[in-house]
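Beneath this line is the structure, given in structure tokens, with notes to follow.
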Amino acid sequence: MGRSSKQPTLLAEDTVEDDDVMDDLSEEESEFESDSVEEEEDVKLAEPAKNAIYNRDGLLEKLQDISWPENVDWMHKLSLDIDQEKEVDVNDDLARELAFYTQALEGTRVAFEKFQSMGLPFLRPPDYYAEMVKSDAHMQKVKGKLLAQKRQIEEAEERRKAREAKKIAKEVQAEKLKERAKQKKHEIEAVKKWRKQRQQSGFPAGGKDSELDLGFEDGKSFERSGKKRPGVSPWDRSGGKAKQAGGKGKSFNKGKKNREFRNSKFGFGGKKGLKKQNTADTTNDVRGFNGNVAGNKKRKSQAVSNNLYVFCIFNLIIVVVLMGSKNGSEMDQDYEIPVSTPSAFHKQETEVKPLQNTSEQEMNVGRVTSVHEIATEENKKGDENDCSGDNIVATDEEEEEEEEDDDELRRRVEEFIAKVNRDWRAEKLGISVSA
Amino acid sequence: MGKKRKQSETQAAEPAKKDEPAPERPKRTLLGWKNKEEVEKQTESNPDSSSQVFRNKEKVMVTCSRRINYRYRHLMLNMVSLLPHCKKDNKVESGSSKGATLNELIELRGCSSCLFFECRKHQDLYLWMSKCPSGPSVKFLVNAVHTMEELKLTGNHLKGSRPLLTFSSNFEKDAHWKLLKEMIIQIFGIPKEHRKSKPYHDHVFVFSIVDDHIWFRNYQISVPHNESDKMVRGGLDKMTLVEVGPRFCLNPIKIFAGSFGGPTLYENPFYVSPNQIRALEKKQKAGKYAKKVKAKTRRKMHELSNPLEPDEFADMWRE
């Protein structure tokens, strides 16, 4: 009945609303925004319905009917009435919850005192274990949630700190730069002032006795010079960066360098020809010249080995020749002694001759030594051929000494042979004389 | 015959013992006769004996309608876990005849009161609180439901420990609030020395009227303890509360004289049913289009009523 009576009023309101929907809509929206999610459904009528039933007598009667006897012990009820100090705003969640909390807290305090006065147990002792409303598993979850929240807060704090530190660092850097610029300006000012003072006190600015002409009077020295690219040849498109970029620098700033190098190679601005012309820079550039010792060393060692090789071969030849000659001479002598005495005579004569002039070996004329001479000459020639090293000269001298030794030996041998021959001839002569 | 004699015997025997408690009963059980003067006189004469005899034998049947959604079902289960003196029953079809069936059920289970969670359209929860056989009963709309399972409610307390019931002072303001308070005390207060209850008190219920709604909160009482069970000196100041849940907000709709029916004693004059609210919203949305159409026609009318003056330079460039 009540509801049916309410309906028309609502409908009436609706019709009113239709006329100025716009206002109402905005109002409604604002209301919904202010409400939290939980009170979404909590809409009240603006005015109390006129014909709502309120049977006060009936209510009181019912209350009388159901209520416990008035003198029932408080222990049965455990109910406490707590004064609310002020009206609570429903939509202010925090204030509302705080009101509930304070109500509960006050209630507990009062109850605690009551229990204390009655000497009854109040809170559970810590060693009293019993089933709880929430299971342990659920409480574990709650704990996990709390920990996660804490961690999240800490992380957020850390991030915030880092951000602030960064900001501060930036500010400090800017300050420093500003400071530096200021100082520079100040110094320039000071110099200018000094200069002006100097001029006024009698030293002409452009005079010959003004010993130093500070170029930064007009502050132009701090700007770039008139030449667009100082130290770069006019045709160089890369602005002097080509060589650097081509030579090195692939390790860092790769993309940029690469771009520059390509610009220099394939062209980006500047003159296109004249790349291969010499300039002062290129002529003075000794980077291409390799003063390194490593390559030479290699080559040198190769040459040495070459020389050694040649030397060895020649020595071998000499030895072979010598061996041949010795054998021949021995054979000759062995052969000579028994066979032909006149030839031996002749030989002896010739052999005495070199004994007399050992010093002038090169001038040797003789059948026996001619071969040797040829060999030595050949040796000499070879020496002359590879006259690049000092050590080779040294070996040549040694060889000469060796040759001299050889000659000595041969001489001795020949002397010995001659002596034996003489003895043998003398004997023979003696025999022949005696015979 | 024998039966009758027995009854008469017991009646004859008991008056000697239960002379004092007997007059109380009419006040409690509401059997029709209310000779208040007599009762008061009796209680005044020997108050301590009456309090000795008084036993709270409250039993609450908790049940819900069919097709309840999980959130409200969880709320109901939370209430079951909070009230050790309750009996949970099967779901009941919420039709027009639910009052009769519920009354029957309550009687069958031997309960003296009932909490019935009625869910409509899978979204609106109504809570019936009823004193059984002879009323009264209250119907609430339940808002702002948070169950105990929510992780932001971090408290915990003993299952079955008796709660302290704290009421805000504005429960004394009006007759219907008084009645509601009494009903809440009886239903939510766990009977002393109930066999499933525990002898300690470690949580508080808060019932507070804000904005003509009853707000419910459940807090755990936590006090710093020493090694022994004795509380620290000044522990009272350090006492803190941790919310356990559930939370909800009851908007009273109607109070009936009987159990699940009977004449209406109170009707909330500010109440708008959620159905009406939704209808209103829909209407407002529909009004958007109506407004557009209206604006269009108004514009047209306006153009018709004041036509543009013919432009004298209109065909200047046309040759």
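Bear in mind that the values in this text are calculations on the coordinates, not laboratory data. The shown structure was predicted, so the numbers you read here are calculated from the model rather than taken from an experiment. Virtual Cβ from ideal backbone geometry, glycine too; neighbours counted across all protein chains shown.
Once you order the gyration tensor axes a ≥ b ≥ c over the Cα atoms, which shape class does region B:143-202 get: rounded for a/c under 1.5, otherwise prolate or oblate by comparing a/b with b/c? Oblate, because a/c is 1.5 or more while a/b does not exceed b/c. What FRET efficiency comes out for the pair A:THR102/A:ALA169, r = Cβ-Cβ distance, R0 = 45 Å, nearest 0.05? Efficiency at R0 = 45 Å is approximately 0.45.
Within the shell defined by Cβ-Cβ distances under 15 Å, the residues around B:GLY261 carry a net charge of +1, with Lys and Arg each +1 and Asp and Glu each -1. By definition, a body whose alpha carbon gyration tensor gives a ≥ b ≥ c is oblate when a/c is 1.5 or more and a/b is not larger than b/c, and region A:60-121 fits this oblate description. Neighbours of B:VAL62 by Cβ distance under 13 Å: Lys/Arg scored +1, Asp/Glu scored -1, total +3. Tell me, what is the FRET efficiency for A:ARG151 and B:ARG71 to the nearest 0.05, using R0 = 30 angstrom and their Cβ-Cβ distance as r? So, using R0 = 30 Å, E works out to roughly 0.55. Seen from B:THR147, the other residues with C-beta closer than 12 Å to its C-beta sum to a net charge of +3, counting Lys and Arg as +1 and Asp and Glu as -1. In order along region A:121-134, the phi-based Karplus estimate (6.51 cos²θ - 1.76 cosθ + 1.60, θ = phi - 60°) of 3J(HN,Hα) comes to x, 10, 7, 6, x, x, 9, 9, 9, 7, 5, 9, 5, 9 Hz; Gly and Pro are listed as x. Exceeding 25 Å between C-alpha atoms, which entries from my cross-link table qualify? They are A:LYS50/B:LYS98; B:LYS121/B:LYS291; A:LYS114/B:LYS238. Those over the limit are A:LYS50/B:LYS98; B:LYS121/B:LYS291. Strictly over 18 Å apart at the Cα level, which of B:LYS139/B:LYS178; B:LYS131/B:LYS196; B:LYS59/B:LYS192; A:LYS170/A:LYS256; B:LYS152/B:LYS198; B:LYS88/B:LYS131 would you flag in this model? The pairs that break the limit, which is 18 Å between Cα atoms, are B:LYS131/B:LYS196; A:LYS170/A:LYS256; B:LYS152/B:LYS198. The A:LEU120 and A:LYS192 beta-carbon pair, evaluated with R₀ = 56 Å, returns a calculated FRET efficiency of approximately 0.05. Net length available on complete extension from A:ASP93 to A:LYS161 is 21.4 nm, with 0.36 nm assigned per residue and the Cα-Cα distance removed.
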